[in-house]
Amino acid sequence: MNKEFDKISAALCTLAAIAFLFAMGLFLQGVYLNMQTTEFELKVYQPENSEVVIAIAEQQAILEEGPKVLDKENGIAVIPVKMAMEILAK
């Protein structure tokens with residue numbers, strides 16, 4: 001009877017250990033997913049820096065300006081990309 005009890009208790013302890021390891025794996029996966037989601041939200045959804053927003057607005061304004069002459073002596077002028085594409089499409 002004692003040997004049977006040892007076999008049963010060993011089997012139950014083994015099953016308990018397997019269940020514990022499985023639960024621990026699920027817990028660690030949940031923690032990892034939560035940390036990954038938090039990091040993603042901080043990188044993607046965080047409001048932008050005001051200096052960056054200002055710099056982007058300034059660059060966009062330069063891109064949207066009309067044609068202008070850069071170097072009169074060498075005859076170098078620039079036009080916006082949209083305008084150049086319209087000219088090429090005609």
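Could you tell me how many degrees, from 0 to 90 and to the nearest 10, lie between the Cα long axis of helix 2-44 and the main elongation axis, the longest principal axis, of the Cα atoms of the chain?
Result, in degrees: 10.
Considering only Gly75, Met35, Leu88, whose Cα is most displaced toward the positive end of the charge dipole of the chain, charges sitting on Cβ of Lys, Arg (+1) and Asp, Glu (-1)?
Met35
Could you tell me whether region 2-46 comes out rounded, prolate or oblate from its Cα gyration tensor? Rule is a ≥ b ≥ c as square roots of the eigenvalues, rounded for a/c under 1.5, then prolate if a/b exceeds b/c, otherwise oblate.
On the way: a/c = 11.51, a/b = 10.93, b/c = 1.05.
Here region 2-46 falls in the prolate category.
Could you tell me the calculated FRET efficiency between Glu58 and Leu28, based on Cβ-Cβ distance and R0 = 30 angstrom, to the nearest 0.05?
Plugging the Cβ-Cβ distance into 1/(1 + (r/R0)^6) gives 0.05.
For Lys90, give me every one of the lysines with a C-alpha distance below 22 angstrom, ignoring sequence neighbours fewer than eight places off in its own chain.
Partners found: Lys68, Lys82.
What are the extents of the Cα atoms of the chain along their three principal axes, listed from largest to smallest and rounded to whole Å?
Extents along the principal axes, in whole Å: 107, 33, 22.
Nearest 20 debye, what's the magnitude of the dipole of the chain about its Cα centre given +1 on Lys and Arg Cβ and -1 on Asp and Glu Cβ?
440
Laboratory data are not the source of any read-out in this text; all were calculated from the coordinates shown. Being a predicted model, the structure only gives us computed values, none of them experimental. Quick reminder, even Gly has a Cβ in these numbers, built from the backbone with ideal geometry, and neighbours come from all protein chains shown.
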